[in-house]
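Quick notes on the structure that follows.
What follows draws every value from the coordinates through simple rules; no lab data is involved. Everything quoted here is computed from the prediction, not taken from an experiment. Positions of Cβ are generated from backbone atoms using ideal geometry, with glycine treated the same way; all protein chains shown enter the neighbour counts.
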Amino acid sequence: MIRVLVADDEPLIRAGIRMILTSAEDIEVVGEAPDGAQALRMAAELAADVLLLDIRMPVMDGLSALAELPRAAPGTRAVVLTTFGERENVLRAITSGGAGFLLKDTAPGELIQAVRAAATGHAFLSPAATRHIVDSLADGPAAARGEQARRRLAVLTARERAVVDLLGEGLSNADTGARLHMSEATVKTYVSRILAKLDCENRVQAALLARDAEL
């Protein structure tokens, strides 16, 4: 079972998240915290595998708690879940070691996917978060990055390149499938193959390559 701790200052939100997560047979919500400071204490005490963190909370906000998590509970990975999707929040969450970033309008299935990904050491970003990161990193020495990206992408087939281009736009697997007339399962297979070919750890890195190639 994946042990999850939910940190949000709104009891109703915590209850909704608990209901979604406990619908999955492999996830157990072991506790709830109303602020970041208590979340850090509980993460260690309860040996949580994954900590779901809201950003704006009293006492200690989610991003501050995220920065302290490796010291307070080194075995716990964090996913930031918030209504605030400003670019700087996404970047701080990722650079502070967050295993995922989701907006609260994320579909329930994506929330469960994010928890599972975090528990297995992978990153999960919502399409909206992917767009924020891609856009924010699109500045800099464009010519050199573009040439390097195009060389790396040359190993892809035309169909694989079409998929990775849509990753660069921040599309989900479902939306990518609809655009390319493919099933979502087929898109997942393509994404896994693309990540292996490009030696990328996650879809965000592949999306950055796609954007750089067009600079």
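Could you tell me how many cubic angstrom of Cα convex hull volume region 1-99 has per residue?
82
What list of ³J(HN,Hα) values in whole Hz, one per residue of region 4-18 in order, does the Karplus curve 6.51 cos²θ - 1.76 cosθ + 1.60 (θ = phi - 60°) give from phi, with Gly and Pro shown as x?
Working through the residues one at a time gives 10, 10, 9, 10, 7, 7, 9, x, 5, 5, 4, 5, x, 5, 4 Hz.
Given an 8 Å cut-off on Cα distances and at least 6 residues of separation, report the relative contact order of region 1-59 as a percent.
It comes to 48 percent, rounded to a whole number.
May I ask for the net charge around ALA43, where only other residues with Cβ less than 13 Å from the Cβ of ALA43 are counted and Lys, Arg are +1 while Asp, Glu are -1?
After counting each charged neighbour, the total is -1.
Note the angle between two axes, namely the Cα long axis of helix 127-136 and the longest principal axis of the Cα atoms of the chain, as a number of degrees from 0 to 90, rounded to the nearest 10.
Long axis of 127-136 versus the principal axis of the chain: about 70 degrees.
If amide H atoms are built 1.01 Å from N in the plane of the peptide, which residues on other chains or at least 5 residues away come under 5 Å of the amide H of THR82?
It is LEU102, LEU103, LYS104, by chain and number.
Work out how far the C-alpha atoms of the chain reach from end to end along every principal axis, then list the three figures in whole Å, largest first.
Largest first, the chain extends 49, 37, 26 Å along its Cα principal axes.
Using θ = phi - 60° and the Karplus form 6.51 cos²θ - 1.76 cosθ + 1.60, what ³J(HN,Hα) does each residue of region 152-158 get, whole Hz, x for Gly and Pro?
5, 6, 5, 6, 7, 6, 4
Treating only the Cβ of Lys, Arg, Asp and Glu as charged (+1, +1, -1, -1), what charge dipole size does region 1-82 show about its Cα centre? Round to the nearest 20 debye.
I would put it at about 160 debye.
Rounded to the nearest Å, what's the spacing between the alpha carbon centres of region 153-196 and region 1-77? Just the number, please.
Centre-to-centre distance over Cα atoms comes out at 32 Å.
Give me the angle, in degrees from 0 to 90, between the Cα long axis of helix 108-119 and the longest principal axis of the Cα atoms of the chain, rounded to the nearest 10.
Roughly 90 degrees, rounded to the nearest 10.
For region 87-126, report the convex hull volume of the alpha-carbon atoms normalised per residue, in Å³, without decimals.
It comes to 54 Å³ per residue, whole-number rounded.
Could you give the Stokes-Einstein D for region 172-215 in µm² per second, using the C-alpha Kirkwood radius, 25 °C, 0.890 mPa s?
225
Over the Cα atoms of region 1-42, what is the Rg over Rh ratio if Rh follows Kirkwood?
0.97
Residue by residue through region 175-184, which ³J(HN,Hα) values in whole Hz follow from phi under the Karplus form 6.51 cos²θ - 1.76 cosθ + 1.60 (θ = phi - 60°), with glycine and proline marked x?
Once θ is set to phi - 60°, the couplings for region 175-184 become 5, 4, x, 5, 5, 9, 6, 10, 6, 4 Hz.
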